[in-house]
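First the structure, in the form of structure tokens, and then the observations on it.
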Amino acid sequence: MRGTLPESFLQELAELEESYLRESDPIRQSGFGGGPARWRAEREPLLDAIDADGDLLDTCCANGYLLECLVEWGRERGIAITPHGLDLGARLVELARKRLPLHAANLHVGNTWEWEPPRRYRYVYALTDCVPVEYLPALVTRLLGRIVEPGGRLILGAYGSRLAPPLAARRGGLSRLDTGACRGTRDGRGSADHVVRLDRRAGGRSIVRMM
Ligand SMILES: C[S@@+](CC[C@H](N)C(=O)[O-])C[C@H]1O[C@@H](n2cnc3c(N)ncnc32)[C@H](O)[C@@H]1O
């Protein structure tokens with residue numbers, strides 16, 4: 001499936017940016033209403049998919065706060081993450097550049113659905129609801145094929161979404177990828193069951209793991 005995203009969906013994203021910009025708290029400005037403890041509990045499990053130093057692209061980076069946190073939490077685990085970001089909201093990306101001035105050149109304005117990356121990234125994080133659900137299989141294929149570097153990893157999150165990745169995987173056709181290694185590794189922390197990671201392997205095969 002190609003073409004642009006539906007106008008109504010893009011309009012919703014524009015309204016989302018307006019609502020984030022009305023907030024001053026960085027967590028709320030990231031679209032999260034649960035406060036600092038839940039923020040960390042629900043977002044830190046992303047790091048369980050990041051097991052070595054490397055570049056991380058957040059394809060829905062908003063104000064860059066998640067990237068800033070992941071760099072810090074990664075440092076606590078002895079992992080050096082170089083932050084990269086993308087968001088459709090130009091004013092949010094402006095905030096992200098101010099938040100991460102040393103990495104301002106890594107922060108881009110664009111639509112995850114059609115963005116042409118200047119390079120590839122070892123780790124790519126995307127939200128399953130950054131496209132309408134019927135676009136999800138094509139998005140995953142594109143992210144794995146064009147944006148994740150060979151040997152790298154796509155991390156999908158569905159926090160607070162009506163559509164958790166396991167369901168999205170079934171509905172959206174992720175089964176077209178190799179789901180043979182799919183297994184539950186839930187450890188009871190945060191909302192890690194709403195994160196799925198897909199490894200880009202040689203030969204185009206991908207390993208899907210529900211975390
Ligand atoms: C809930 S915030 C995510 C903040 C942070 N990445 C996180 O996971 O907590 C969602 C952000 O995704 C952006 N977004 C949604 N769909 C997008 C798309 N197709 N392309 C680029 N940005 C998108 C929105 O503009 C918004 O800033």
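The values are calculated or read from the model by the stated rules, or taken from the named source; none is laboratory data. Quick caveat, the model's predicted, so the values are computed rather than measured. Here the Cβ is made from the backbone with ideal geometry for all residues, glycine too, and neighbour counts use every protein chain on show.
Observations on the model:
- ARG99, sole failed condition from (1) at pLDDT 95 or above; (2) in contact with a Leu (Cβ under 6 Å, 6 or more places away or on another chain): (2)
- Filtering region 4-23 to residues that are among the polar types (S, T, N, Q) and either over 17 Å from VAL93 (Cβ atoms) or touching a Ser or Thr at 6+ places or on another chain (Cβ under 9 Å) (or both) leaves THR4, SER8, GLN11.
- Considering only residues in region 18-47 that are over 17 Å from the mean Cα position of the chain (by Cα) and either among the hydrophobic types (A, V, I, L, M, F, W, C) or near the ligand (Cβ under 9 Å from one of its atoms) (or both), the one that is farthest from ALA105 (Cα to Cα) turns out to be ALA37.
- Filter result for ILE50 (in contact with a strand residue (DSSP E or B) (Cβ under 6 Å, 6 or more places away or on another chain), farther than 19 Å from THR112 by Cα, in contact (Cβ under 8 Å) with a residue 60 or more places away in the chain and more than 13 Å from the ligand (Cβ to nearest atom)): yes
- Residue within region 117-125 that is over 19 Å from ILE27 (Cβ atoms) and within 11 Å of the ligand (Cβ to nearest atom) present: no
- Against the list (1) away from the ligand (no atom under 15 Å from the Cβ); (2) within 20 Å of LEU47 (Cα to Cα); (3) at pLDDT 95 or above, the condition LEU144 fails is (3).
- Residue match in region 35-57 (condition: buried (at least 22 other Cβ atoms within 10 Å of the Cβ), assigned to a loop (DSSP other than H, G, I, E, B) and not aromatic (Phe, Trp, Tyr)): no
- Every residue from region 66-95 that is part of a helix (DSSP H, G or I), small (Gly, Ala, Ser) and under 28 Å from GLY3 (Cα atoms): ALA90
- Filter result for VAL131 (within 7 Å of the ligand (Cβ to nearest atom), within 23 Å of ARG142 (Cα to Cα) and either surrounded by fewer than 16 Cβ atoms within 10 Å (Cβ to Cβ) or hydrophobic (A, V, I, L, M, F, W, C) (or both)): yes
- Looking only at region 55-102, and only at residues there that are on the phi > 0 side of the Ramachandran plot and within 18 Å of the chain's Cα centre (by Cα), the one that is farthest from the ligand (Cβ to nearest atom): GLY64
- Picking from residues in region 1-34 that are among the charged types (D, E, K, R) and in contact (Cβ under 8 Å) with a residue 12 or more places away in the chain, the one that is surrounded by the fewest Cβ atoms within 10 Å (Cβ to Cβ) is ARG2.
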